[in-house]
1. Take the solvent-accessible surface of the protein heavy atoms, probe 1.4 Å, and return the percent of it on the chain that carbon and sulfur atoms account for.
2. In debye, nearest 20, what is the charge dipole magnitude of the chain about its Cα centre with +1 on Lys and Arg Cβ and -1 on Asp and Glu Cβ, if you could check?
3. So which trypsin sites (Lys or Arg not before Pro) in the stretch 1-46 pass both tests, a DSSP loop state and at most 13 other Cβ atoms within 10 Å of the Cβ?
4. For the chain, report the accessible area per residue in Å² (1.4 Å probe, heavy atoms, rounded to an integer).
5. Net charge near residue 90: determine it from the other residues with C-beta under 14 Å of the C-beta of residue 90, scoring Lys and Arg +1 and Asp and Glu -1.
6. Using 0.36 nm times the number of residues separating residue 44 and residue 63, minus their current alpha carbon distance, what extension gain do you get?
7. Once the piece of chain linking residue 120 and residue 23 is laid out straight, how much longer is it, given 0.36 nm per residue of separation minus the C-alpha distance between them?
8. Among 112, 71, 122, which residue has its Cα furthest toward the positive end of the charge dipole of the chain, with +1 on Lys/Arg Cβ and -1 on Asp/Glu Cβ?
Amino acid sequence: QVHLVESGGGLVQAGGSLRLSCAASGRTFSGYAMGWFRQAPGKEREFVAAITRIRGNTVYATSVRGRFTISRDNAKNTLNLQMNSLKPEDTAVYYCAATDGSNVFNDKSYNYWGQGTQVTVSS
């Protein structure tokens, strides 16, 4: 079992920045690839970014590439998402998730989820 808790969401103006964190507890954090997903009202949950277990290779959705940076600290059991140049369309509930699978783009492959943190970007 892995318990995930997100923090760092809030209200920010367009062009601003936020840093989301996800604290993990339970089973070995470094044994899981980690991802960030988001869900806006009335829309399906979508992939944002993911990072591999040990090497920390990263992948991003096209919509956030160049603006968002995912990182992890396996010593501190922490996952982060630095979000810069935020746009109103980034408004959503952001979730961190852990997977022991290989398809980091598909939310169905993730074993554990946090409760989510709200990010609101005003125009």
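The values are calculated or read from the model by the stated rules, or taken from the named source; none is laboratory data. These figures come from a predicted structure and were not determined experimentally. As a convention, Cβ positions derive from the backbone with ideal geometry for all residues, glycine included, and neighbour counts pool all protein chains shown. Keep in mind that these areas ignore ligands, DNA and RNA; they rest on the heavy atoms of the full protein, side chains included. Shrake-Rupley method; radii C 1.70, N 1.55, O 1.52, S 1.80 Å.
1. For the chain, the apolar C and S fraction of the accessible surface comes to 47 percent.
2. Details: 13 positive and 8 negative charges, 49 e Å.
So the magnitude is around 240 debye.
3. Working: sites: 19, 27, 38, 43, 45; in loops: 27, 43, 45.
Hits after loop and neighbour filter: 43.
4. Working: 6280 Å² over 123 residues.
Here the per-residue accessible area is 51 Å².
5. Here the charged neighbours net out to +4.
6. On the way: separation 19, 0.36 × 19 = 6.84 nm, distance 1.52 nm.
Answer, rounded to one decimal: 5.3 nm.
7. Numbers: separation 97, 0.36 × 97 = 34.92 nm, distance 2.12 nm.
Length gained between residue 120 and residue 23: 32.8 nm.
8. Going by the Cα projections, it comes out as 71.
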